[in-house]
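The values are calculated or read from the model by the stated rules, or taken from the named source; none is laboratory data. This one's a predicted model, so the numbers in the text were calculated from it and none came from an experiment. Glycine gets a Cβ as well: all are built from the backbone with ideal geometry, and neighbour counts include every protein chain shown.
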Amino acid sequence: MEPQNRKKMAILSFTLLMVMLGYGVVISILPFYIDKMGASGRDLGFLIAIFSVMQFIFAPIWAGVFFDLNLDYPYFSGAVILFIGFLIAIV
């Protein structure tokens with residue numbers, strides 16, 4: 001593998017690792033929040049489904065924003081924004 005491709009692959013792998021760790025943390029604590037708020041399992045299912053639908057709708061929009069900004073590493077930038085969002089949600 002060429003050094004330039006190796007660097008891109010490392011950035012992509014790191015980004016995917018951060019995203020999956022974030023999802024793992026948030027989804028694993030959601031049942032405790034749902035129980036504490038008195039909601040049901042159906043509400044948890046709707047919450048996760050709405051998240052997936054919103055991601056499906058807004059992913060192309062964010063991709064267009066990153067494309068317009070001419071960012072060098074759009075995956076990494078997206079992961080940083082997602083990480084900041086997770087931090088805001090946890091705090």
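Residues of region 32-59 that are within 14 Å of the chain's Cα centre (by Cα), surrounded by fewer than 12 Cβ atoms within 10 Å (Cβ to Cβ) and not β-branched (Val, Ile, Thr): SER52, MET54, GLN55, PHE56, PHE58, ALA59. When every residue of region 2-21 is checked against the conditions, at least one turns out to be surrounded by 13 or more Cβ atoms within 10 Å (Cβ to Cβ), among the aromatic types (Phe, Trp, Tyr), assigned to a helix (DSSP H, G or I) and out of contact with any strand residue (DSSP E or B) (no Cβ under 6 Å at 6 or more places or on another chain).
Whether any residue in region 27-39 is modelled with pLDDT of 80 or more, assigned to a helix (DSSP H, G or I), of a type outside the set (Asp, Glu) and in contact with a Ser or Thr (Cβ under 8 Å, 6 or more places away or on another chain) is what I want to check. Yes - at least one qualifying residue is present in region 27-39.
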